[in-house]
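See structure below.
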Amino acid sequence: MTKRICSILLILVVMISCTSTKSTIKNIDDTAVKPAVKDNAFQIKQYADDDKYGFDQDYPINIGFIMESSEEKFIGYFFKGLQGPEGETLTYKKVESCCPFPTKNNKVGVGMLSIYEVRWPGVRKPLILYFNIYERGRILCPKGLTIKNYAATKP
């Protein structure tokens, strides 16, 4: 409960300080369709051809629009559809939120990106991925990971 109150207060402060800020997110696509979900995993079909996809705050993985309470479920769908470079099982955890941006898809008019740390057996340095739950975009496999079903096309 305290975490939720702090989040709301943070968003309100950000909203007041960022009301005229323009979004820097470059890969929003309101026409994008979420991949189908099978066995609690997104059926991701394509690999990202952009090195920035997911790794840069201006090119986050746009999962939205979803409610904050559904973030864990949808991020889980994303990671369950992927694996490490050699087929390893991924583990992931949210490490922080950052990068306020204006959005019409939130009552307060401001969204925050979620930052997740991704690991798999044998990885030395975890991947850091940025997610946006407020806007839509193509959901792709970031570079360095592979798609579980192998039916996808590589760039």
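The values are calculated or read from the model by the stated rules, or taken from the named source; none is laboratory data. Computed from a prediction, not measured in an experiment: that's the story for all the values here. All Cβ positions, glycine included, derive from the backbone under ideal geometry; neighbour counts span all protein chains shown. Calculation scope for accessible area: heavy atoms of the full protein, side chains included, ligands and nucleic acids excluded. Shrake-Rupley method; radii C 1.70, N 1.55, O 1.52, S 1.80 Å.
Looking only at the range 100-109, which residues are more than 16 Å from the chain's Cα centre (by Cα), more than 11 Å from Ile25 (Cα to Cα) and touching a residue at least 24 places away in the same chain (Cβ under 8 Å)?
Asn106, Val108, Gly109
Every residue in the range 130-147 that is over 16 Å from Thr91 (Cα atoms) and part of a loop (DSSP other than H, G, I, E, B), please.
Ile133, Tyr134, Glu135, Gly137, Arg138, Ile139, Leu140, Lys143
State yes or no: is Phe42 open to solvent by less than 10 Å² (accessible area, probe 1.4 Å), touching a Gly at 6+ places or on another chain (Cβ under 9 Å), farther than 17 Å from Tyr134 by Cα and in contact (Cβ under 8 Å) with a residue 12 or more places away in the chain?
yes
Within the range 67-77, is even one residue open to solvent by 30 Å² or more (accessible area, probe 1.4 Å), of a type in the set (A, V, I, L, M) and at pLDDT below 95?
So far as the range 67-77 goes, yes, one or more of its residues are open to solvent by 30 Å² or more (accessible area, probe 1.4 Å), of a type in the set (A, V, I, L, M) and at pLDDT below 95.
Quick check on my filter: what residues within the range 91-106 are outside any strand (DSSP E or B) and either aromatic (Phe, Trp, Tyr) or touching an Asp or Glu at 6+ places or on another chain (Cβ under 7 Å) (or both)?
Within the range 91-106, Thr103, Asn105 qualify.
Here are Tyr47, Tyr59, Tyr92: which of them is in contact (Cβ under 8 Å) with a residue 12 or more places away in the chain and open to solvent by less than 40 Å² (accessible area, probe 1.4 Å)?
None of the other options fit; the residue is Tyr47.
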